[in-house]
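Structure record follows, encoded as structure tokens.
The values are calculated or read from the model by the stated rules, or taken from the named source; none is laboratory data. Source: prediction; values computed, not measured. Glycine also receives a Cβ, built like all others from the backbone with ideal geometry; neighbour counts cover every protein chain displayed.
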Amino acid sequence: TLGYDVLGVEPTEEGSQRARERHGLTVHRGVFEHVEIPEAPVDVVSFIHVFEHLKDPRAALARAWEVLRPGGYLLIELPAYDAWSRHLLGRRWRQFISDHDRFYTGPVLARLIKDAGFRILEERKVGKVMTPRLLADRLGRYYSRALAGGLLAAATALGLANKRFALNLGDIRLVVARKPLGGRPDLELDGRPEAEHLRSTR
């Protein structure tokens, strides 16, 4: 946990138990929007490949606001619906799976976050650490088994099947936002936070 006190929220008993046993984490079972979090206020709330599964994203953001301390951070990582790979692959896009309930373009997600009172600090597309073996598995699952088999055979012959490398397909978006230090919604005027606008006009 890199020195941080980490806790989680998990709706299923099986998932909660697995997190406790494997990682020794404090896990509260329930839906994030409604579960009690006695450790609040917290420094960071992260939705890492969670937001696309939520039925009510506005309620989740409101709950994140409640449990974060003023100045706390919000992290959201999720499929980028406006990715070039979705336009290229259409229905075969790897993010089109049954339990992904909602998809977001950058502007739509930004509007939701700002409407909840947060100030966005960073937004970018991120990649993953892969191996040829893992990439072949994904290719075979979503696109072409023949292509996957050829890739794995070549990588194995070269002794590279488990060699790690970075891969960015532009289909994962990371947003970092912050709850204002004043603990009030970050109203914006002319694209600038209200406090900054007031300072510049005095």
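Tell me which residues, restricted to the range 33-57, are over 15 Å from the mean Cα position of the chain (by Cα) and either aromatic (Phe, Trp, Tyr) or within 20 Å of Arg178 (Cβ to Cβ) (or both). It would help to see each step written out before you state the result.
If we filter the range 33-57 for residues that are over 15 Å from the mean Cα position of the chain (by Cα), which is where we start, we get 33-43, 55-56.
Selection gives Ile37, Glu39, Ala40, Pro41, Val42, Asp43.
On the stretch given as the range 1-22, residues that are surrounded by 10 or more Cβ atoms within 10 Å (Cβ to Cβ), of a type outside the set (S, T, N, Q) and under 20 Å from the mean Cα position of the chain (by Cα) total 9.
Taken over the range 46-79, residues that are basic (Lys, Arg) and either closer than 14 Å to Arg173 by Cα or touching a Gly at 6+ places or on another chain (Cβ under 9 Å) (or both) amount to 1.
Based on this model, can you work out whether Leu25 counts as of a type outside the set (S, T, N, Q), surrounded by 14 or more Cβ atoms within 10 Å (Cβ to Cβ) and either assigned by TED's automatic domain parsing to the domain that holds Arg173 or modelled with pLDDT of 95 or more (or both)? Walk me through it before giving the result.
On the way: of a type outside the set (S, T, N, Q): yes; surrounded by 14 or more Cβ atoms within 10 Å (Cβ to Cβ): yes; either assigned by TED's automatic domain parsing to the domain that holds Arg173 or modelled with pLDDT of 95 or more (or both): no.
The answer is no for Leu25.
Within the range 54-69, the residues that satisfy the criterion of being over 12 Å from Ala116 (Cβ atoms) and touching a residue at least 40 places away in the same chain (Cβ under 8 Å) are Leu54, Lys55, Arg69. Tell me whether the range 20-39 contains one or more residues that are closer than 24 Å to Lys125 by Cα and hydrophobic (A, V, I, L, M, F, W, C). Scanning the range 20-39, I find no residue that is closer than 24 Å to Lys125 by Cα and hydrophobic (A, V, I, L, M, F, W, C), so the answer is no. When the residues of the range 72-99 are filtered to those that are aromatic (Phe, Trp, Tyr), at pLDDT 70 or above and surrounded by 16 or more Cβ atoms within 10 Å (Cβ to Cβ), the one that is nearest to Ala110 (Cα to Cα) is Tyr81.
Would it be correct to say that Leu68 is assigned by TED's automatic domain parsing to the domain that holds Ala110 and surrounded by 16 or more Cβ atoms within 10 Å (Cβ to Cβ)? Here the answer is yes, as Leu68 does meet what is asked. Checking each residue of the range 22-43 against the condition of being assigned to a helix (DSSP H, G or I) and either closer than 23 Å to Leu78 by Cβ or not charged (D, E, K, R) (or both) gives at least one match.
Conditions tested, residue by residue: (1) out of contact with any strand residue (DSSP E or B) (no Cβ under 6 Å at 6 or more places or on another chain); (2) modelled with pLDDT under 85; (3) part of a strand (DSSP E or B); (4) surrounded by 14 or more Cβ atoms within 10 Å (Cβ to Cβ).
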site	(1), (2), (3), (4)
Arg111	yes, no, no, no
Lys114	yes, no, no, yes
Glu122	no, no, yes, no
Leu152	yes, no, no, yes
Ala177	no, no, yes, yes
Gly183	no, yes, no, yes
